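Please treat every number below as a calculation from the coordinates, not as lab data. Please read all numbers here as calculations on a predicted model, not as lab measurements. Cβ atoms come from the backbone with ideal geometry, glycine included; neighbour counts cover every protein chain shown.
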Amino acid sequence: MSETVPATATRRPWPTRSAVLGRGPLAALAASLLLSSAPALASGPPNEHEQARFMWAMAGQESGWDYYARNASSGAFGKYQIMPFNWPVWASQYLGDSKADQTPANQERVAHGKIHDLYRWLGSWKRVAYWWLTGRTDRREKQWSSYARGYVSNIMGLRRQAPRDAGVPSAGTSSRGKPGEWRRSASGQRLRLDVAGRTWPKWGAIHDGQLVRVRAVRRSPGGGHWIRVLTSDGRLGWLPLLATLPAQRPPLERRWRDVVARGDSQSSDRQRVRPRPR
């Protein structure tokens with residue numbers, strides 16, 4: 001979002017949802033499955049303007065409106081901190097593709113669809129916020145923990161400060177990656193010599209959160225999407241697209257201009273590694 005954020009809106013005294021769900025993701029998964037088989041709806045569709053204000057507030061609480069925020073312990077990603085085990089299910093439901101990339105545009109579509117359905121099921125924005133934090137549907141606020149009440153109260157306070165353009169959607173972005181894009185590894189892994197090929201025997205380690213730049217995109221015979229990436233130390237190899245996440249352009253991008261890609265030929269791994277650019 002490009003809107004001006006009130007100074008008070010950036011104060012987030014309550015920990016984000018991902019900090020809690022990182023301790024018990026199975027509970028959230030069970031709640032997600034429960035929603036898919038929920039009985040009668042509690043409410044009609046929400047007002048679009050009111051939903052936009054609520055989504056702006058929840059994004060501020062969850063990530064500080066950052067499409068690229070990632071919780072290292074739980075793996076929750078993006079503006080709304082969607083858990084990694086929820087993304088394929090929700091992406092299939094609201095995008096028609098369980099393997100859709102978590103681009104800003106896709107995050108908005110998935111979050112909008114999910115929150116729309118949650119409001120119709122639960123009937124109030126407070127209960128939607130409570131579910132997003134806990135995966136629970138308790139109606140009586142007095143039974144909520146003090147932490148949960150504070151979390152919900154903070155979102156409702158931010159909602160009152162939402163700007164008029166809170167519902168402006170993000171610009172469309174590629175859903176499959178493309179050359180020139182920046183990505184981050186979503187887990188520790190190793191570069192591969194070719195699409196779905198064998199891993200580098202040495203020097204191919206990519207650590208969790210490492211920034212890479214996409215050089216090419218290709219599909220494997222099995223239908224998976226792979227990207228050829230360049231690391232900051234000059235290594236050039238292949239990674240599965242789904243093992244990476246969208247990333248922002250680095251602030252020191254000029255450093256990458258000095259990277260000399262040595263390729264991923266059959267030469268030894270050490271010959272492929274270049275010194276980190278200064």
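Values as computed for the structure displayed
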read-out	value
Local net charge near SER187, Cβ-Cβ under 15 Å (Lys/Arg +1, Asp/Glu -1)	+4
Violating pairs (Cα-Cα greater than 21 angstrom) within the set LYS99/LYS126; LYS79/LYS99; LYS99/LYS178	LYS99/LYS126
LYS79, LYS99, LYS142 arranged by Cβ crowding within 10 Å, fewest neighbours leading	LYS142, LYS99, LYS79
Förster radius 51 Å - calculated FRET efficiency between LEU252 and ASN47, Cβ distance, rounded to 0.05	0.70
